Amino acid sequence: MARLVDGRVAVLSSENRQLYLFEPSGTPSRTIGRRGRGPGEFSRPQHLWYLPPDTLVVWDQWMGAVTRFDTAGRVLERRTIDLGRALAELPGQAAVESPTLPVPDGSFIVRVQVRDAARARPQDYELVRHHPEEYVRIDREYNAISFGTWGGREHWAVPEEFGRASPISDYQLSADDYFFNTLLTSHIAVGGNPVSVYISSGDRNEIRQFSLDGALVRIIRRTTSPVPVTEQAHRAWAQNGIRFLSIFPEAEWRWPLIEATPKWDTYPPVDAMLVDAEGHLWVREWSDSETGLPDRWSVFNPEGRWLGVLEEPPPTGLPDLSHCHLCWIGTDSYVTVRRDEWGAQRVEVYRIRRDG
């Protein structure tokens, strides 16, 4: 999503293969694109980047085409990525499906798993960080710039009795298929002027800021104590997960996994990161509210100075455990996707008051 300088809101729908523009009132203004593989068409659009005042850039998934539109829907440029050259530059287990993050200059960052074939299966209920990850930028000339290796997502080892409960007929608890996600993972954000790359390992109260050439610019820390996870907060987290999955009947078999997930002692210091239109870094985090959900953002200026906290609007419908990645922050507005009580997604715009 993005809010344009004229007040309209652009929303990219991966499922519908279209880019929508809405007036500030919420009235549909324009629909851009359609399903396909030609100019102005999308296979499965993954990223939207807004270049003020009037350019929208859409990235198709799996290193597909990159298309620039004006806000009238006209195609300004369409660039295809040479997959062979891109994959040849990437280390480890890089594949077409590797997650990517666009950069405003037309390059992109790929998250590559570094697999350890000798890893033994952990004990039941053990918490482990599964497969480290390397972030690599591929520039427009297909040169690779690494930002180092970071801890992968934390999982807990699922006992076999839970695995047998899966509706997937060929489900086997193999060395790579026995994990259930927890809150801990690495995070990355890109933005600012000049453009910076921010990476957090997830388990340390620090964020590393890099230039596009991979040089470390600074380490950002906030002087604060870890937020403890109380029994009430852990129960709320589990209930939120089950309520969220209740809109997907095929996921009912996962409910016991959520209820059995071990309690953490403290929340990770980072849940998500974004860079706003002015180059400020926003770090999503947990408060001591015991809701089980991250519910506020710490804001840092482009030089890494902490400015304060913005509390998120309270939930009004079903908790959306993924919506932290579906928001956009401008100079005076906060745009987010939330789910109503029926599970339908809604785009909501809030005004930000910046005191001082």
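The values are calculated or read from the model by the stated rules, or taken from the named source; none is laboratory data. Nothing here was measured: the structure is a model prediction, and the numbers come from that model. So basically every Cβ, Gly included, is an ideal-geometry build from the backbone, and we count neighbours across all protein chains shown. Heavy atoms of the whole protein, side chains included, go into the accessibility calculation; ligands, DNA and RNA do not. Shrake-Rupley method; radii C 1.70, N 1.55, O 1.52, S 1.80 Å.
The table that follows gives values for the structure above.
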{"quantity": "Theoretical ellipticity at 222 nm over the chain - DSSP helices of four or more residues, -39500 (n - 2.57) apiece, nearest 500", "calculated": "-2500 deg cm²/dmol"}
{"quantity": "Max mean-square fluctuation residue, GNM over the chain, Cα-Cα springs under 10 Å, options S25, S43, S196", "calculated": "S25"}
{"quantity": "With every protein chain in place, the chain: carbon and sulfur % of accessible area (1.4 Å)", "calculated": "48"}
{"quantity": "Å² of accessible area per residue within the stretch 235-356, as computed with a 1.4 Å probe and no ligands counted", "calculated": "51"}
{"quantity": "Within a Gaussian network of the chain (alpha carbon springs, distance under 10 Å), most fluctuating of W237, W264, W342", "calculated": "W342"}
{"quantity": "Candidates I247, I329, I188: whichever shows maximal mean-square fluctuation once the chain is modelled as a Gaussian network with Cα springs under 10 Å", "calculated": "I247"}
{"quantity": "Rough spin-label spacing in nm, given labels placed 7 Å along Cα→Cβ, for T55 and R235", "calculated": "5.4"}
{"quantity": "1.4 Å probe accessible area per residue over the stretch 1-102, in Å²", "calculated": "50"}
{"quantity": "Kirkwood hydrodynamic radius of the stretch 229-353, from inverse mean 1/r over distinct Cα pairs, in Å", "calculated": "15.7"}
{"quantity": "FRET efficiency, 1/(1 + (r/R0)^6) with R0 41 Å, evaluated for F248 and T149 via beta carbons", "calculated": "0.75"}
{"quantity": "Cβ charges +1 (Lys, Arg) and -1 (Asp, Glu), total dipole of the chain, debye", "calculated": "800"}
{"quantity": "Point-to-point label distance, E259-T331, nm (Cα→Cβ direction, 7 Å offset)", "calculated": "5.2"}
{"quantity": "Percent RCO, i.e. relative contact order, over the chain, from Cα pairs under 8 Å lying at least 6 residues apart", "calculated": "9"}
{"quantity": "Difference of contour (0.36 nm per residue) and Cα-Cα distance, D203 to T224", "calculated": "6.1 nm"}
{"quantity": "Whole-Hz ³J(HN,Hα) from phi, Karplus 6.51 cos²θ - 1.76 cosθ + 1.60, for the stretch 306-318, glycine and proline x", "calculated": "6, 9, x, 10, 10, 6, 6, x, x, x, 10, x, 6"}
{"quantity": "Cβ-Cβ FRET estimate between R140 and E278, R0 fixed at 41 Å, reported to 0.05", "calculated": "0.95"}
